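Here is the structure we will look at.
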Amino acid sequence: MKRTFHLLSVTMAAMITSIAPSAAAEELRQGGKLLLTNGIASVEGSTGGGLASWSLIAGNETRDGIGGSVHATVAEFKDYRLDTEGLAVGFFNRVELSYARQALNTKAIGQALGLGYGYKLNQDIYGAKLRVAGDAVYGDPLMPQIAVGIQHKRNLDSQVTDAVGAAESEGTDFYVSATKLFLSHSILIGATARYTKANQGGLLGFGGDKNNDYGVQFEGSLGYQLSRKLVIGGEYRTKPDNLSIAREDDWYDFFAAYAINRNLTLAAAYVDLGSIATSAEQRGGLISLRASF
Amino acid sequence: MLLSLALALSVQDVPANAGPVGDPVTGELPVDPYQQDNANAGARPFKGDKMAKAFGGKDGIKRITDNLVVGITSDPRIEEIFKGQDIVRLRRTLFEQFCYILNAGCNYTGRDMRSAHKNLGTQMADLNALVEILQNVMDQENIAFTLQNRFLAKLAPMKDDVVDR
């Protein structure tokens, strides 16, 4: 996995240097994206909706500049709390590099497992995304913006991932994502296929005793644009089920994303994660704030 | 009489030396010949009169395009692009284009989008700025957001023809 990550960095560096000269000849131009077309930060730090990935690129930049964002997300559930902070850089609305730190607070569950009340499971996620075709708003009305991405995840609590029966504490997800705003109906549609073996996104490790193979999972988003500043919608994300001790459910949410101004986007969601590590019905609220430039 | 004749001659003299002569009534400057065709508008018109009515007919559309021209020629992000351009012609052809696409009873007599934007040096951020100004102008006319988007959906496919690089 270390080698995958190294390969990833080299590939991304090569991609950036290959596109930079054309833009570097001109003066870099800051900002210029339409409101909300840089999405919000997904739970894994890449640009998306809340739970699903989108093909949009972080930052306010267009193809003529470099932008970025920082975000913080809090999600409170019956037995858990998930805190995520991260940052992302967008190069020429083409390449996105992201980093996020997830901390899953286990509250009373941690105590029951002998880890202590409020024990936190931590995970680092390094992401890279390349927009390969299309434009989410402009161009052919039926041609979505398409991106390919990779997320390298390093769970920092291997004693826990071992204990639940995960095969590894590090893993890499690969995904392809298509997103389009159908202006004539004010509807946003996103679809992502993710090649993964992550348990609960990696918070419970990767692969397991029940299944240790990669598989394709689906993430879908449907949004309705109420104004330039406000989009409401829902998302659905299928998940693997690799651990025999803990059934894993699909995730879904209902969200609202509001552009406070050009630099701040606030998202709120009702989220249902289903069963997490034998604790069923993990439903709750999510609030996410992202600053972009 | 002599004075006014002299004045008239001098007025005619100035443009001849300074550049192309504008239309005596509108001041619009001539352009290289091209084939006039509604297809130059870059989008097919809406069917029916729902959109035309929602945009206030020709009068409403005229206000929108006039205000849009005022907006884009005074917005610090993009005003530079329009320096030295024929704003009289822009005001007329933009109205014709919007009126034609909204099916409000006009023909579009301007050039196609690629020719009209050639060498303007426009970037994506400029197009986005124009879209935002247009949205503000449509807001002023109280046009419902869904109908604004329906209209923008007609313009969005023109991106590759109106952005230079």
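The values are calculated or read from the model by the stated rules, or taken from the named source; none is laboratory data. Keep in mind the model is a prediction, meaning the values are calculated, not measured. Please note: Cβ atoms are built from the backbone with ideal geometry, for glycine as well, and neighbour counts cover all protein chains shown.
Please work out if B:ALA129 is within 14 Å of chain A (Cβ to nearest Cβ) and at pLDDT 95 or above.
yes
Quick one: is B:GLY42 assigned by TED's automatic domain parsing to the domain that holds B:VAL137, at pLDDT 95 or above, on the phi > 0 side of the Ramachandran plot and more than 17 Å from the chain's Cα centre (by Cα)? Steps first, answer last, please.
Numbers: assigned by TED's automatic domain parsing to the domain that holds B:VAL137: yes; at pLDDT 95 or above: yes; on the phi > 0 side of the Ramachandran plot: yes; more than 17 Å from the chain's Cα centre (by Cα): no.
No; evaluated as a whole, the condition is false for this residue.
Scanning for something touching a strand residue (DSSP E or B) at 6+ places or on another chain (Cβ under 8 Å), in contact (Cβ under 8 Å) with a residue 60 or more places away in the chain and within 30 Å of B:PRO45 (Cα to Cα), does region A:187-198 turn up at least one residue? Taking every residue of region A:187-198 in turn, at least one turns out to be touching a strand residue (DSSP E or B) at 6+ places or on another chain (Cβ under 8 Å), in contact (Cβ under 8 Å) with a residue 60 or more places away in the chain and within 30 Å of B:PRO45 (Cα to Cα). Among the residues of region B:133-165, those that are of a type in the set (A, V, I, L, M), out of contact with any Ser or Thr (no Cβ under 7 Å at 6 or more places or on another chain) and crowded, with 18+ Cβ neighbours inside 10 Å comprise B:ILE133, B:LEU134, B:VAL137, B:MET138, B:ILE143, B:LEU152, B:LEU155, B:ALA156, B:MET158. Residues in region A:102-113 include at least one that is in contact with a strand residue (DSSP E or B) (Cβ under 7 Å, 6 or more places away or on another chain) and within 28 Å of A:PHE293 (Cα to Cα).
Taken over region B:144-165, residues that are of a type outside the set (Gly, Ala, Ser), facing chain A (nearest Cβ under 7 Å) and touching a helix residue (DSSP H, G or I) at 6+ places or on another chain (Cβ under 7 Å) amount to 4.
Just one of the listed residues (B:LEU68, B:LEU102) is crowded, with 19+ Cβ neighbours inside 10 Å, within 11 Å of the chain's Cα centre (by Cα) and closer than 24 Å to A:GLY139 by Cβ, namely B:LEU68.
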